[in-house]
Amino acid sequence: MSDDRPLPILYNYWWSSCAWRVRIALNLKKIDYEYRPVDMDNSQQKSAEFLKINPRGLVPALVHNGKIFTESMAIVEYLEEKFADAKPKLLPENPDDRVAVRALAFQIACNIQPLQNTGVLAYLREENDLTKADEFAVHWIERGFAALEEMLSKTAGKFCYGDEISLADICIPPQVFNATRRFGINMNKFPRIKRINETLSQLPEFHKAHPAQQIDAPADVSRYLDSIGIVVKQR
């Protein structure tokens, strides 16, 4: 989707699961945008220049029509409303269905992802040992996935909520990637989540949003993650 208006600018880090959600939404809605890498490996997010964009020093941040938007879920809802004609709609029209979709999405965005965020774990590693920090993350991811799995037993069709892609689905691949690649979680424990993730990962809009496809990704993503210790034995 393109017109004469300025393109949205997405401040991004290739491996950020929150930025990944926004990339999926932009791709699904076919909204052209400018990708601005933020080099978090070298703390660019803490620079004075970037802190003017997001004082929290986090990605994603979206700049559109001279305004700055932060927080991935808020950005996606902005895209949903600002680009109202762009399909697919990620939130159903019916209020009851909208609440149900948000509940699924927020189970990941609010109840799982923040507890395994790199900033949280970095703090825990300073206060405790590395093993305890990883055990903390695994505990909360698996507990959150167990709850999500039960929620999906009542809502899932082909995707998280019936047979149409929704806000909930854009949260699935980033979180499964973190769970498996960073913490070695065995997704066979969570068959509905695993199945939906595999289905979504085959879609071109999701593939295009994958960290390995981003312009600031290292040439060999697996080797990079291995080099910084982002892999543990599967549980």
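What follows is calculated from the coordinates using simple rules that are stated; it is not laboratory data. None of these values were measured; they are calculated from a predicted model. Cβ atoms come from the backbone with ideal geometry, glycine included; neighbour counts cover every protein chain shown.
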Handout entry: ³J(HN,Hα), Karplus 6.51/-1.76/1.60, whole Hz, each residue of the range 23-35, x for Gly, Pro
Key = 4, 4, 4, 4, 5, 4, 7, 6, 9, 5, 8, 9, 8
Practice task
Please get the size of the charge dipole for the range 1-120, origin at its Cα centre, with Cβ charges of +1 on Lys and Arg and -1 on Asp and Glu, quoted in debye to the nearest 20.
Solution key: 160
Handout entry: Calculated SAXS-style log₁₀ I(q)/I(0) at q = 0.16 Å⁻¹ - the range 36-91, Debye, Cα scatterers
Key = -0.55
Exercise for the section: Just tell me which lysines come within less than 16 Å, Cα to Cα, of LYS67; anything on the same chain fewer than 8 places away is out. Expected result: LYS52, LYS82
Practice task
Sequence neighbours fewer than 8 away in the same chain don't count; with that in mind, list the lysines whose C-alpha is under 23 Å from LYS132.
Solution key: LYS189, LYS233
Exercise for the section: Determine the principal axes of the Cα atoms in the range 124-194, then give the extent along each, sorted from largest to smallest and rounded to whole angstroms. Expected result: 44, 18, 17
Exercise for the section: List the aspartates and glutamates whose Cα lies under 16 Å from the Cα of LYS30, skipping any in the same chain that are fewer than 8 positions away. Expected result: ASP3, ASP4, GLU77, GLU80, GLU81, ASP85, GLU205
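Report the convex hull volume per residue for the range 49-140, counting only C-alpha atoms, in Å³.
On the way: hull volume 10.9 nm³, N = 92.
Output value, Cα hull per residue: 119 Å³.
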Completion exercise
Computed over all unlike Cα pairs, the Kirkwood hydrodynamic radius of the range 1-61 in Å stands at 12.2
Problem - q = 0.17 Å⁻¹: log10 I(q)/I(0) that the Debye formula gives for the chain, counting C-alpha atoms only - result: -1.38
Fill in the blank from the handout: Across the alpha-carbon set of the range 1-119, Rg over Rh with Rh taken as the Kirkwood radius works out to 0.97
Handout entry: Charged-residue dipole, Cβ positions (Lys, Arg, Asp, Glu), the range 94-235 about Cα centre, Debye nearest 20
Key = 280
Practice task
Take every DSSP beta bridge whose two residues both sit in the chain, then give the antiparallel share in percent to the nearest 5.
Solution key: 60
